[in-house]
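Structure record follows, encoded as structure tokens.
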Amino acid sequence: MKSEHKPSRMGAAPRLPITLEEAKAHLVVDFNDDDGLILAYMQAAVDQLDGYEGALNRCLLNQTWREVYRDWPVDRELELWFGDVSAVTVTFLDQSGVEHVIDEACYELLEGFGRSFIRFLPTFTEPLLSKDTTTPVRVEYVTGFGDLPENVPAAIRYGALMIVGSYYANREDLVVGSQASTLPRSTELMIKRYRRFVV
């Protein structure tokens, strides 16, 4: 059963997968006047790759997301949008609107086709749900390559630096003689093997 709405980010990663020092070295910038601008480009570059709307269709550094469901699944499986999932918490609102956390022994976390699934075990009996909300079943989880920048594959990190370089070199929307592109070609090549294709 798929989530009722698109996933919501509940907690962003506390840092970026690339550092200011790495970006300045890539740009061959040895002064501090543009640090604020470069940091803004770094965030924009990561935003282009990371999360639900990112080009990779996956998260880079670990971050917390929530998905919500209208009922218990008929096939006893809740499909999560992301893969690489850990630290799962499944909750529901009962008939009185009280929230309950489901014991981890009642379900298992599965990976397949680039996504994760929560499968309820036969021993789990589905409680009655609140009628006062359209999405009484909720799953919060952590997804990403890890907590540290070095956990993110080097090709993705260098791809992000290529985007920063493109922003820094071309500060206008259009560049005479250039064709507009969503991502630099070099970035596309670097991230290709890590991109999830979601139907």
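The values are calculated or read from the model by the stated rules, or taken from the named source; none is laboratory data. Since the model is a prediction, treat every value here as computed from it, not as a measurement. Here Cβ is always computed from backbone atoms with ideal geometry, including for glycine, and neighbour counts include all displayed protein chains. Heavy atoms of the whole protein, side chains included, go into the accessibility calculation; ligands, DNA and RNA do not. Shrake-Rupley method; radii C 1.70, N 1.55, O 1.52, S 1.80 Å.
At 15 Å minimum axial length over the Cα atoms and a Kyte-Doolittle cut of 1.6, report the qualifying DSSP H helices in the chain, or say none.
Long hydrophobic helices here: none detected.
Mind jotting down a quarter of the surface of the convex hull over the alpha carbons of the chain, in square nanometres, one decimal?
13.6 nm²
At a temperature of 10 °C and a viscosity of 1.306 mPa s, determine how fast the range 88-171 diffuses translationally according to Stokes-Einstein, using the Kirkwood radius over alpha-carbon pairs as Rh; express D in µm²/s, rounded to the nearest whole number.
96 µm²/s
Gain in length, E4 to N170, computed as 0.36 nm per residue apart minus the alpha-carbon separation, to one decimal in nm?
Additional length available on full extension: 55.8 nm.
How much accessible surface does R66 have with a 1.4 Å probe, in Å² rounded to 10?
Here the accessible area works out near 70 Å².
How large is the accessible surface per residue of the chain, computed with a 1.4 Å probe and reported in Å² as a whole number?
57 Å²
Which order do K131, K6, K24, K192 take by accessible area at a 1.4 Å probe, largest first?
Descending accessible area places them as K131, K192, K6, K24.
Need one number: convex hull volume per residue for the range 127-169, Cα atoms only, in Å³.
Normalising the Cα hull of the range 127-169 by residue number yields 140 Å³.
Read phi for every residue in the range 67-74 and hand back ³J(HN,Hα) as whole Hz from Karplus 6.51 cos²θ - 1.76 cosθ + 1.60, θ = phi - 60°, with x for Gly and Pro.
Per residue, the Karplus-derived 3J(HN,Hα) values read 10, 10, 9, 7, 6, 6, x, 4 Hz.
For the pair Q95 and E21, how long in nm is the line joining their label points, each one 7 Å along Cα→Cβ?
Between Q95 and E21, the label points sit 6.1 nm apart.
Just to verify a number: FRET efficiency for D75 and R193, C-beta to C-beta distance, R0 = 30 Å, to 0.05?
Plugging the Cβ-Cβ distance into 1/(1 + (r/R0)^6) gives 0.45.
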